[in-house]
Amino acid sequence: MGGRGSSSGLIGSGTGGRFGSMQYASPQPITPPQPQPMPIQTQPPSDDNTPVLSGAVPDLSTWSDDALAQAVIDSRTIQMPNMLSDVDDATQRFIYTIGANEKPLVLDDNAFDQFMADNNIGQSEILSRSVDDITYTNNDGTAIKMTADRVSRLLKYSRLNYIGGKYGGQLYGAGTYFAMNGGGNTGYGNTTINAVLNPATARVITDTQLRAAIPAFEQSHPKFAQATGGLRGSGFFTRGGNDNLSIYAMAMGYNVIKSSHNNYHNVIDRRAIVYRRDDR
């Protein structure tokens, strides 16, 4: 379900191509406005009450220190559905709390190719995540078996944003890891899912830039820093729950963390990417 495209997880790994010059500007310290209303969901999700806040992650950069801190605090006790709580992960809780459940754009082959042409996206910029059949255990102890096809459909069509990185490493934060390799198999599974970054919605920052920006952000957002307990985890062998690098990225308005050293992209928010409908 995560790490560096591990076949044991629901999600896999990505470089920047032209996004390098467009999207990687180092963030500036943010002056927080007054607290914003919190889109908190406290009941078990259903088709009627699933929390979805349009543009949730980019909008976080406009939230006050008080509001961000309260979101972190609320995320610790919010009631989570089984499909999201197979591992008690801080980033998954935060994503669910703020309502970052917008679905990605999914296009058939022809429309996907046209989207790439219209946005000047080259073949080398296609993201890949390879998956296999998996079995995971719900928080009630029930074993759930999922085929690779179902995993693929979960990523693309589920009404809730299930992130990877809970079982494998979280070197670049918790999230859905893709390799930017031109669309080929990553070597971590038999079924490969293809996507590209959406220029209209992807807010990308490198892990190096993010770490460098965090001290200033903590100074301007002391209550948020206190609520998170400071930056934690983010090691290759982190196993969920403790890592919060992606929470910092989201609080600063970013939804993709790119490795500074290789082609991995950690996609935290599904609205940042466009999927190809047919898996290769």
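The values are calculated or read from the model by the stated rules, or taken from the named source; none is laboratory data. Remember, it's a predicted structure, so these values are computed and weren't measured experimentally. With ideal geometry, Cβ positions are generated from the backbone for all residues, glycine too; neighbour counts draw on all protein chains shown.
Here are some notes:
- Residue check for Leu60: surrounded by 22 or more Cβ atoms within 10 Å (Cβ to Cβ), in contact with a strand residue (DSSP E or B) (Cβ under 8 Å, 6 or more places away or on another chain) and in contact (Cβ under 8 Å) with a residue 60 or more places away in the chain: no
- Sub-8 Å Cβ pairs linking a first residue in the stretch 81-93 that is at pLDDT 75 or above and crowded, with 16+ Cβ neighbours inside 10 Å to a second residue that is hydroxyl-bearing (Ser, Thr, Tyr) and not in a helix (DSSP H, G or I), at least 6 apart or interchain, are Leu84/Tyr162; Val87/Tyr167; Gln92/Ser85; Gln92/Tyr162, ordered by first then second residue.
- Helices (runs of 4 or more DSSP H) lying entirely in the stretch 57-158 (those with 1 or more residues that are among the basic types (Lys, Arg)): 90-98, 148-157
- Of everything listed in (1) more than 25 Å from Val256 (Cβ to Cβ); (2) touching a residue at least 40 places away in the same chain (Cβ under 8 Å); (3) not hydrophobic (A, V, I, L, M, F, W, C), the single unmet condition for Gly122 is (1).
- Qualifying residue in the stretch 169-177 (condition: assigned to a loop (DSSP other than H, G, I, E, B), surrounded by 20 or more Cβ atoms within 10 Å (Cβ to Cβ), within 13 Å of the chain's Cα centre (by Cα) and at pLDDT below 85): yes
- Scanning the stretch 211-223 for residues that are under 19 Å from Ile268 (Cα atoms) and in contact (Cβ under 8 Å) with a residue 60 or more places away in the chain gives a single hit, Ala213.
- Enumeration of residues in the stretch 68-79 that are of a type in the set (A, V, I, L, M, F, W, C) and crowded, with 21+ Cβ neighbours inside 10 Å: Leu68, Ala69, Ala71, Val72
- Candidates in the stretch 103-162 are the residues that are among the polar types (S, T, N, Q) and closer than 16 Å to Tyr177 by Cβ; of these, the one that is surrounded by the most Cβ atoms within 10 Å (Cβ to Cβ) is Ser128.
- For the stretch 208-244, filtering for residues that are of a type in the set (Lys, Arg), out of contact with any helix residue (DSSP H, G or I) (no Cβ under 6 Å at 6 or more places or on another chain) and modelled with pLDDT of 90 or more leaves 1.
- Subset of the stretch 255-280 (residues that are assigned to a strand (DSSP E or B) and hydroxyl-bearing (Ser, Thr, Tyr)): Tyr264, Tyr275
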